[in-house]
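The next block holds one structure in the form of structure tokens; read it before the comments.
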Amino acid sequence: MKKSKILIVDDHDGFRESLVESQILTEKYKVLEAYNGENALDVINANPDLSCIVLDYDFRDSYGAKRLSGLDVMEHLAKSSPHIPIIMISGITEERGRVAIESIKKHAIAFLDKPFPVKTLVEKLDSILLTNTSDTTELDAQKNLSDVGFATVSSIMAKVCKKALEASEHDMNLMILGETGTGKTSLAKAIHKLSKRGNKNFANYECGTLSSDIDKFSSQIFGHVKGAYTGAYTDKTGILEIAIGGTVFFDDITNIPLEVQKGLLKVIEEKEFTRMGDEKKKYFFQARVIAATNCNLEEAIKDNILSKDLKFRLCGDIIKIPPLRMRTDDIPIIVQSYLKNQNIKELKVREISEEVYPLLMRQPWLGNVRQLLTVVQRASNKEKKNEISFNSITESLWTEYDIDEDSLTYEKFSDLDGDLDTTITNIRKKFIIKALKQSKGNVSLAAKELGYINHRGLQYWIEKLGIKSNDID
């Protein structure tokens, strides 16, 4: 089997050679090297079949001669070889956030801090090149989804975006899985916008906010006529009627009572429904159904909170969104997209200092994107300057983690190479212990509260952090 060809560009001879001569790298890939930007362009021109470039951010000037920077090389490649994915690497520690953002803006597919283990680079190359060799349109899919509001640049999300783009091209019902706050609603909206139904209604229905009253559930979904039940004083249009011709999205589908799920199943199968209290007038149902849950589907069926038959009808296609902690490369673009969204009126300051990104990218984010944006919004509204500062983000994190300023100092947060990892571990442990206490030691309930898709993810952290039963007594 022919090996994919990669190029390592770095002006530090020792570091470059350690990669080029690494056995675990050369076993999988044919490795070329270049010692500066100019040399890199020569090698690239001579090797049009390159699969990936690992590019240093900055090169030292030679005897007063100004060298091309890594960003300069990227600008050249954007015109001459835009199809070649680039991994930007850098040993700059003081302004890591700025460097990472600049790299992402220039369309680097990933960013690595030097020095890094060769194994880390191999894993990153594997994820990128497996993505690109299976289908070269995955990066295009990622861009298409970013253009309609689902911002992502991380390699782990490339396959998710490809599946989402494919889902927008057919009309099968769809189930989106993921922990609480991962962006399931945003992905559903993006799929709708890219679909043939994009100019019709997107009826977003958050099942978790509904009443437990069966009549009110049914009324919200199917609609009712005046007098259909006690309290039905006027006619009401249901979500299914609003969605006709477009897409109806049921978030937290397992919160709908089973009796109402059976009615929804009947609508999906028979393509018609009636309002409560009026069995004569039938409405033709022609809408796509997208549902989402943070539950494990098989466990939800066993727990009797999801109809097995409805699950089969909804899972024409399934997309799983990984948690934010597995795609921290997305954090800068998610924050930027959020701050630039003029439809969000709650923001006071819409600029952000790039020095905050290393801090944000090191947090556990048990609440995923939703928690991240809450922290940013809080900092924006309390900021007294023209851009969200490191101090404002730090204070917002104190509030988020319910930590007294006296017990967590500014220095602990700002020491990115020292105490922060310990701080994050302690924060994660505190959250888990608190959830376990509230659930009286029930791991499944605690996992649901923390947003894990099943109890196994939480069990991993309980064991890793050494949490014992006496910690929650």
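The values are calculated or read from the model by the stated rules, or taken from the named source; none is laboratory data. Note that this is a predicted model, so its numbers are computed, not measured. Glycine also receives a Cβ, built like all others from the backbone with ideal geometry; neighbour counts cover every protein chain displayed.
Restricting the stretch 138-174 to residues that are among the basic types (Lys, Arg) and touching an Asp or Glu at 6+ places or on another chain (Cβ under 7 Å), which is modelled with the lowest pLDDT?
The selected residue is LYS159.
Report yes if HIS107 is surrounded by fewer than 19 Cβ atoms within 10 Å (Cβ to Cβ), at pLDDT below 80 and in contact with a strand residue (DSSP E or B) (Cβ under 8 Å, 6 or more places away or on another chain), otherwise no.
When the stated conditions are applied, HIS107 passes them.
I need the full set of residues from the stretch 25-58 which are closer than 13 Å to LEU77 by Cβ, polar (S, T, N, Q) and in contact (Cβ under 8 Å) with a residue 40 or more places away in the chain, in order please.
ASN47
Just give me the residues in the stretch 340-362 being surrounded by 20 or more Cβ atoms within 10 Å (Cβ to Cβ) and in contact with a strand residue (DSSP E or B) (Cβ under 8 Å, 6 or more places away or on another chain), in sequence order.
Passing the criteria: ILE352, VAL356.
With the stretch 1-87 as the region, which strands (runs of 3 or more DSSP E) entirely inside it contain at least 3 residues that are closer than 15 Å to LYS124 by Cβ and in contact with a Cys (Cβ under 8 Å, 6 or more places away or on another chain)?
Fully inside the stretch 1-87 and qualifying: 4-9.
Of all residues in the stretch 284-300 being surrounded by fewer than 17 Cβ atoms within 10 Å (Cβ to Cβ) and not charged (D, E, K, R), which is nearest to SER186 (Cα to Cα)?
GLN286
Would the stretch 64-76 turn up any residue that is surrounded by 11 or more Cβ atoms within 10 Å (Cβ to Cβ), under 21 Å from VAL20 (Cα atoms), at pLDDT 85 or above and of a type in the set (Asp, Glu)?
No: zero hits.
Do we have any residue at all in the stretch 117-137 that's touching an Asp or Glu at 6+ places or on another chain (Cβ under 9 Å) and modelled with pLDDT under 85?
yes
Could you grab the pairs with beta carbons closer than 7 Å, sequence gap of 6+ or different chains, first residue in the stretch 150-168 and closer than 14 Å to LEU194 by Cα, second one of a type in the set (S, T, N, Q) and part of a helix (DSSP H, G or I)?
Hits for this filter: PHE150/SER186; CYS161/GLN142; LEU165/ASN144.
Under 7 Å by Cβ, and 6 or more places apart or on different chains, what pairs join a residue from the stretch 348-367 that is under 30 Å from ALA447 (Cα atoms) with one that is surrounded by 19 or more Cβ atoms within 10 Å (Cβ to Cβ) and among the small types (Gly, Ala, Ser)?
Qualifying pairs under 7 Å: VAL356/GLY97; TYR357/GLY97; TYR357/ALA100; PRO358/GLY97; LEU366/GLY451; GLY367/GLY181; GLY367/GLY451.
Where in the stretch 232-310 are there strands (runs of 3 or more DSSP E), lying wholly inside it, with at least 2 residues that are aromatic (Phe, Trp, Tyr)? Walk me through how you get there before you give the answer.
Details: elements: 247-251, 272-275, 278-284, 288-293.
Where strands (runs of 3 or more DSSP E) fall fully within the stretch 232-310 and carry at least 2 residues being aromatic (Phe, Trp, Tyr), they are 247-251, 278-284.
Is it the case, given these coordinates, that ILE290 is within 22 Å of the chain's Cα centre (by Cα) and either more than 30 Å from ARG378 (Cβ to Cβ) or of a type in the set (A, V, I, L, M, F, W, C) (or both)? Working first, answer last.
Values: within 22 Å of the chain's Cα centre (by Cα): yes; either more than 30 Å from ARG378 (Cβ to Cβ) or of a type in the set (A, V, I, L, M, F, W, C) (or both): yes.
Answer is yes for this residue.
Considering only the stretch 345-366, I want to know if a residue exists there that is among the aromatic types (Phe, Trp, Tyr), under 30 Å from GLU449 (Cβ atoms), assigned to a loop (DSSP other than H, G, I, E, B) and not assigned by TED's automatic domain parsing to the domain that holds LYS226.
Start the filter on the stretch 345-366 by keeping residues that are among the aromatic types (Phe, Trp, Tyr), which leaves 357, 365.
Going one step further and asking which of them are under 30 Å from GLU449 (Cβ atoms), we end up with 357, 365.
Adding the requirement that they be assigned to a loop (DSSP other than H, G, I, E, B) leaves 365.
Going one step further and asking which of them are not assigned by TED's automatic domain parsing to the domain that holds LYS226, we end up with 365.
Yes: the stretch 345-366 contains one or more residues that are among the aromatic types (Phe, Trp, Tyr), under 30 Å from GLU449 (Cβ atoms), assigned to a loop (DSSP other than H, G, I, E, B) and not assigned by TED's automatic domain parsing to the domain that holds LYS226.
Give the residues of the stretch 179-196 that are of a type in the set (Val, Ile, Thr) and crowded, with 20+ Cβ neighbours inside 10 Å, sorted by residue number.
THR180, THR182, ILE191
Here's the yes/no breakdown for (1) touching a residue at least 60 places away in the same chain (Cβ under 8 Å); (2) touching a helix residue (DSSP H, G or I) at 6+ places or on another chain (Cβ under 9 Å); (3) buried (at least 19 other Cβ atoms within 10 Å of the Cβ); (4) under 30 Å from GLU449 (Cα atoms):
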position	(1), (2), (3), (4)
GLY198	no, yes, no, no
PHE202	no, yes, yes, yes
ILE214	no, yes, no, yes
VAL225	no, no, no, no
ALA228	no, yes, yes, no
GLY238	no, yes, yes, yes
THR247	no, yes, yes, yes
PHE273	no, yes, yes, no
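Could you check ILE176 against (1) surrounded by 24 or more Cβ atoms within 10 Å (Cβ to Cβ); (2) in the same structural domain as GLU241 (by TED's automatic domain parsing); (3) in a loop (DSSP other than H, G, I, E, B) and say which number it fails?
With (1) surrounded by 24 or more Cβ atoms within 10 Å (Cβ to Cβ); (2) in the same structural domain as GLU241 (by TED's automatic domain parsing); (3) in a loop (DSSP other than H, G, I, E, B) applied to ILE176, the lone miss is (3).
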